[in-house]
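Reading through the structure tokens given below for one structure.
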Amino acid sequence: MNEQIRAREVRLVGPEGEQVGIVPLERALQLAADVDLDLVEVAPMARPPVCKLMDFGKYKYESALKAREARRNQQQTVIKEMKLRPKIDPHDYETKKGHVVRFLKAGDKVKVTIMFRGREQSRPELGYRLLRRLESEISDLGYVEAAPKQDGRNMIMVLAPHRATKAAAVAATAAKGGGVREREPGADEAPPAEAGPAGQTGE
């Protein structure tokens, strides 16, 4: 910037983006001084390097504001986990489905795990049928990102919110103020899958 620039000549761009052309460095510095602006290298690897006349302090301030706003609007992906048994009680199923619905509405992904025990392992179709039922009942909020897959004694499926569902969650959080942040799991919530087992376990 300014006197730190070492090139003999530069391709100069005016404060409004207009092309001034290739000028000696001394001329570019004089033009910057005449309008009380800084001469900033924006493409130092070009030959000759490209420099622009700008208020560097204002530019840094506006860039910091934009970066802060981008971070505030960025939603951190959270994966919740919900565990079910293949022969889950109807009431327990509705309760757990309610948790899945709540997670999706909050813009989170949900890892649904069917846990098989004993002879249940010989009936994988029970788990598959349960996952497909859940998929159809939450289809207005989310979709299957990872299809049901057997993993040892468990069968796993990952649900993700539709783009509109996630956008609504971001808007709702922003409306409350404070931007989007990762939610801490409550007593009835499962923590992110990578944090270990969570959710309520149906019998």
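The values are calculated or read from the model by the stated rules, or taken from the named source; none is laboratory data. Keep in mind it's a predicted model, so treat the numbers as computed, not measured. For neighbour counting, all protein chains shown are included, and Cβ atoms are generated from backbone atoms with ideal geometry for every residue, glycine included. We work out accessible area using only protein heavy atoms, side chains counted, and drop any ligands, DNA or RNA first. Shrake-Rupley method; radii C 1.70, N 1.55, O 1.52, S 1.80 Å.
Report the residue count in the stretch 18-42 for those that are in contact (Cβ under 8 Å) with a residue 12 or more places away in the chain and under 37 Å from the mean Cα position of the chain (by Cα).
Residues in the stretch 18-42 being in contact (Cβ under 8 Å) with a residue 12 or more places away in the chain and under 37 Å from the mean Cα position of the chain (by Cα): 5 in total.
Of TYR93, TYR128, which residue is open to solvent by less than 10 Å² (accessible area, probe 1.4 Å) and either over 24 Å from PRO161 (Cβ atoms) or among the aromatic types (Phe, Trp, Tyr) (or both)?
So the residue among TYR93, TYR128 that is open to solvent by less than 10 Å² (accessible area, probe 1.4 Å) and either over 24 Å from PRO161 (Cβ atoms) or among the aromatic types (Phe, Trp, Tyr) (or both) is TYR93.
Filter the stretch 150-203 for residues that are under 18 Å from TYR93 (Cβ atoms) and touching a Leu at 6+ places or on another chain (Cβ under 8 Å); which is modelled with the lowest pLDDT?
Per the stated criteria, the residue is GLY202.
When you check GLU120 against the structure, is it open to solvent by 50 Å² or more (accessible area, probe 1.4 Å), of a type in the set (Asp, Glu), in a helix (DSSP H, G or I) and at pLDDT below 95, yes or no?
no
What single numbered condition from (1) more than 23 Å from the chain's Cα centre (by Cα); (2) assigned to a helix (DSSP H, G or I) fails to hold for LEU104?
Here LEU104 clears every test but (1).
Which pairs turn up if I take residues in the stretch 70-87 that are modelled with pLDDT under 75 and look for partners that are open to solvent by 30 Å² or more (accessible area, probe 1.4 Å) and part of a helix (DSSP H, G or I) with beta carbon separation below 6 Å, at least 6 apart in sequence or on another chain?
Taking only residues 6 or more apart or on different chains, the pairs are GLN75/VAL170.
Which ones in the stretch 1-19 are modelled with pLDDT under 90 and among the aliphatic types (A, V, I, L, M)?
Matches in the stretch 1-19: MET1, ILE5, ALA7.
Could you grab me the full set of residues in the stretch 48-66 that are modelled with pLDDT of 90 or more and open to solvent by 70 Å² or more (accessible area, probe 1.4 Å)?
Once the filter is applied, which keeps residues that are modelled with pLDDT of 90 or more and open to solvent by 70 Å² or more (accessible area, probe 1.4 Å), the stretch 48-66 yields only ASP55.
With respect to the numbered conditions (1) part of a helix (DSSP H, G or I); (2) crowded, with 17+ Cβ neighbours inside 10 Å; (3) touching a residue at least 40 places away in the same chain (Cβ under 8 Å), which one is the sole condition not fulfilled by VAL112?
(1)
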